[in-house]
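The values are calculated or read from the model by the stated rules, or taken from the named source; none is laboratory data. None of these values were measured; they are calculated from a predicted model. Here the Cβ positions follow ideal geometry from the backbone for every residue, glycine too, while neighbour counts run over all protein chains shown. The protein model used for the area step is the full one, side chains on, heavy atoms only, and it has no ligands, DNA or RNA in it. Shrake-Rupley method; radii C 1.70, N 1.55, O 1.52, S 1.80 Å.
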Amino acid sequence: MPHYDLVILGAGSGNMLFGEEFAHLRCAIVEPGRFGGTCLNRGCIPSKMFVVAADAAEEARAAARLGVHATVEPVDWKTVRDRVFRRIDPLHDSAVDYRRDNGIDVYSEEARFVAPKVLQVGAERITADTFVVSVGSRPLVPDIPGLDSVPFHTSDTIMRIEDSPASLVILGGGFIAAEFGHVFSAFGSDVTIIQRGPRLLMAEDEQVSERFTELASRRHRLLLGATVAAVERRPGGVEVSMTCADGDHVVQAEMLLVCTGRRPNSDRLDAAAGGLELDGHGHIVTDNSYRTSVPGVWALGDVVNHFQLKHMANAESRVVRHNLLHPDDLRTLSNKVAPHAVFTSPQIASVGLTEQEARRRGVEYLVSVRDYADTAYGWALEDTTGFVKVLADPHDRSILGAHIIGPQAATLIQPLIQAMSLGQTADQVGRDVLYIHPALTEAVEQALLDL
Ligand SMILES: Cc1cc2nc3c(=O)[nH]c(=O)nc-3n(C[C@H](O)[C@H](O)[C@H](O)COP(=O)(O)OP(=O)(O)OC[C@H]3O[C@@H](n4cnc5c(N)ncnc54)[C@H](O)[C@@H]3O)c2cc1C
Ligand SMILES: NC(=O)c1ccc[n+]([C@@H]2O[C@H](COP(=O)([O-])OP(=O)(O)OC[C@H]3O[C@@H](n4cnc5c(N)ncnc54)[C@H](O)[C@@H]3O)[C@@H](O)[C@H]2O)c1
């Protein structure tokens, strides 16, 4: 039975741990799929490459508001798809070769714990002094009558389809529905979104979620507050039957995309057999240095945290790397500020408390909302729907949260993330910094000055 100093399970964010500091150790990595994990192969990176193409098509169509008249030929799905995956697909083989060339054993079968710190990988059983579990998450498919007997896609497969469908029904109203709704609608598909909640992107600040739902209803058919009763196969596609607040609905479409959340892969790893404590959602429980309940076993990324965001997994892997190298000087994630963005149209970005969460927790707050339309660049864009919202503490004037909907939101929010992370007040970041005129960042400046 091979014994290692260090074994990493999952070559997504876990693959970032290696470095020359580990060169003197006997190391292995286990990856049954593709190196780069979800983010590179079927998540953040390819989806944003599709989003940028969708943005280009949408921008051209919307340019008439500026006096620029353009027509968009049907988007060539295969060209977009092949451009995306020609860039991504070769990376797996080069990553495997790179690890092997550097003396790291690469196992290509699924790993399962059979006992604490004893792993079954294909026909091999391996042990190690130290394990890092970074096996990620996968799409959660809900238990809906008929779903198991119709063809459907998840985010794992939808980006590799042969052609964009004439009509697409999306089950779910979160990140993936918002991003792929934008992509397929911009590429010419007739999109219907079926969402359990009363609005799309329910986790966002209510004002943002309401604005986005209103804007999305102009592009897609929205069925909100839906309880899906059945899914059936129909000639040329699928049929979904549901009950919404306003009665029963039946939708037919050529293709079905299911994006109703993700679940951690701890079950596939048999984390329980490995002695690893799990929470009620199947996440591996760690302390804030990412140590699990088994000494010598660490865990990070989607299998651990509920944020399921790549920048969180990256930050955790930097902390775990430090902790493996400095067991007497353990670090925690220094920065608890967890921002995110939804790359839909318009973009959405958020950090910290939402207004509804502040109310629910009884947190005192000041709030300001500034429209893009109040700034010179907002005029140039002819934007009528974007805004920046900031919540601040009325006593120490620290920033509690920020929420932006509109073009470039994911970029515009960065100074506010910075301020929250570094403990700057709304006044410091609003008054003591020069904002370039007439950039869109003036909307952020104005929201801060209004507090
Ligand atoms: C469509 C989509 C778009 C996204 N867009 C964004 C975005 O824009 N921004 C953002 O921050 N986040 C985004 N995310 C989330 C982001 O991809 C994840 O949070 C991130 O990839 C998690 O990294 P990880 O290393 O924990 O897991 P993964 O990257 O999933 O890596 C886990 C690896 O473990 C392997 N594995 C699984 N089981 C085993 C086993 N038993 N033994 C060994 N290996 C195993 C898997 O094959 C996989 O390669 C997106 C996700 C999706 C699905
Ligand atoms: N830009 C980004 O950072 C990005 C992009 C895509 C995905 N992600 C990550 O991937 C995760 C998964 O994305 P997701 O969109 O699948 O999940 P999500 O958690 O964002 O949204 C799930 C949605 O499905 C709805 N839903 C659940 N069950 C349903 C049912 N039976 N019928 C109808 N609706 C139902 C929920 O109301 C919710 O709106 C995200 O939470 C996020 O962490 C991030």
Legend entry - Checking C44 against (1) within 16 Å of ligand 2 (Cβ to nearest atom); (2) open to solvent by less than 40 Å² (accessible area, probe 1.4 Å); (3) out of contact with any Asp or Glu (no Cβ under 9 Å at 6 or more places or on another chain), the condition it does not meet: (2)
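Does V118 satisfy being at pLDDT 95 or above, open to solvent by less than 60 Å² (accessible area, probe 1.4 Å) and β-branched (V, I, T)? First the steps, then the outcome.
Working: at pLDDT 95 or above: yes; open to solvent by less than 60 Å² (accessible area, probe 1.4 Å): yes; β-branched (V, I, T): yes.
So V118 passes the test.
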Legend entry - Which numbered condition P74 fails, given (1) at pLDDT 95 or above; (2) open to solvent by 50 Å² or more (accessible area, probe 1.4 Å): (1)
Legend entry - Qualifying helices (runs of 4 or more DSSP H) (wholly inside the stretch 400-451; at least 2 residues being closer than 22 Å to M312 by Cβ and without any contact (Cβ under 8 Å) to a residue 40 or more places away in the chain): 414-422
Inset, instruction - Output the residues belonging to the stretch 167-193 that are farther than 26 Å from A402 by Cα and in contact with a Gly (Cβ under 8 Å, 6 or more places away or on another chain). - result: S167, I170, V191, I193
Inset, instruction - Looking at (1) within 16 Å of ligand 2 (Cβ to nearest atom); (2) in the same structural domain as D270 (by TED's automatic domain parsing), find the lone condition where W298 falls short. - result: (1)
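Just to be sure before I move on: is G146 crowded, with 20+ Cβ neighbours inside 10 Å and either in contact (Cβ under 8 Å) with a residue 12 or more places away in the chain or within 15 Å of ligand 1 (Cβ to nearest atom) (or both) in the structure I sent? Quick ask: steps written out before the conclusion?
Numbers: crowded, with 20+ Cβ neighbours inside 10 Å: no; either in contact (Cβ under 8 Å) with a residue 12 or more places away in the chain or within 15 Å of ligand 1 (Cβ to nearest atom) (or both): yes.
Considered against the rule, which asks whether it is crowded, with 20+ Cβ neighbours inside 10 Å and either in contact (Cβ under 8 Å) with a residue 12 or more places away in the chain or within 15 Å of ligand 1 (Cβ to nearest atom) (or both), G146 comes out as no.
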Inset, instruction - Determine the pairs where a residue that is at pLDDT 95 or above, located within the stretch 206-217, has a partner that is surrounded by fewer than 21 Cβ atoms within 10 Å (Cβ to Cβ) and in a helix (DSSP H, G or I) with Cβ atoms under 8 Å apart, the partner being 6 or more residues away or on another chain. - result: E206/E355; E206/Q356; Q207/E355
Legend entry - Test set (1) assigned to a loop (DSSP other than H, G, I, E, B); (2) more than 15 Å from ligand 2 (Cβ to nearest atom) - E239 fails condition number: (1)
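Just to be sure before I move on: is G236 at positive phi and open to solvent by 50 Å² or more (accessible area, probe 1.4 Å) in the structure I sent?
Yes.
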Inset, instruction - Taking F50 as the residue in question, decide whether it is open to solvent by less than 20 Å² (accessible area, probe 1.4 Å) and within 16 Å of ligand 2 (Cβ to nearest atom). - result: yes
Legend entry - Residue under evaluation T38, criteria (1) without any contact (Cβ under 8 Å) to a residue 40 or more places away in the chain; (2) near ligand 1 (Cβ under 9 Å from one of its atoms), criterion not met: (1)
Inset, instruction - Could you tell me whether the stretch 318-338 includes any residue that is among the small types (G, A, S) and modelled with pLDDT of 95 or more? - result: no
Inset, instruction - Restrict the check to the stretch 27-39 and report whether at least one residue is under 24 Å from the mean Cα position of the chain (by Cα), within 16 Å of ligand 2 (Cβ to nearest atom), under 30 Å from D383 (Cβ atoms) and in the same structural domain as V121 (by TED's automatic domain parsing). - result: no
Inset, instruction - Check off (1) touching a residue at least 40 places away in the same chain (Cβ under 8 Å); (2) in the same structural domain as G225 (by TED's automatic domain parsing); (3) of a type in the set (A, V, I, L, M); (4) surrounded by 19 or more Cβ atoms within 10 Å (Cβ to Cβ) for A166 and give me the number that stays unchecked. - result: (4)
Legend entry - All positions within the stretch 305-317 that are more than 13 Å from ligand 2 (Cβ to nearest atom) and free of Cβ contacts under 8 Å to residues at least 24 places away in the same chain: A315
Legend entry - Candidate set: the stretch 242-268, residues that are assigned to a loop (DSSP other than H, G, I, E, B) and away from ligand 2 (no atom under 14 Å from the Cβ); chosen: the one least open to solvent (accessible area, probe 1.4 Å): S266
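Of all residues in the stretch 317-350, which are assigned to a helix (DSSP H, G or I) and away from ligand 1 (no atom under 14 Å from the Cβ)?
First pass over the stretch 317-350, keeping only residues assigned to a helix (DSSP H, G or I): 317-325.
Within the stretch 317-350, H322, N323, L324, L325 qualify.
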Inset, instruction - Would you mind telling me which numbered condition in (1) among the hydroxyl-bearing types (S, T, Y); (2) within 26 Å of the chain's Cα centre (by Cα); (3) open to solvent by 40 Å² or more (accessible area, probe 1.4 Å) Y365 fails? - result: (2)
Inset, instruction - Examine the stretch 67-77 for a residue that is within 16 Å of ligand 2 (Cβ to nearest atom), part of a helix (DSSP H, G or I) and touching a residue at least 12 places away in the same chain (Cβ under 8 Å), and state whether such a residue exists. - result: no
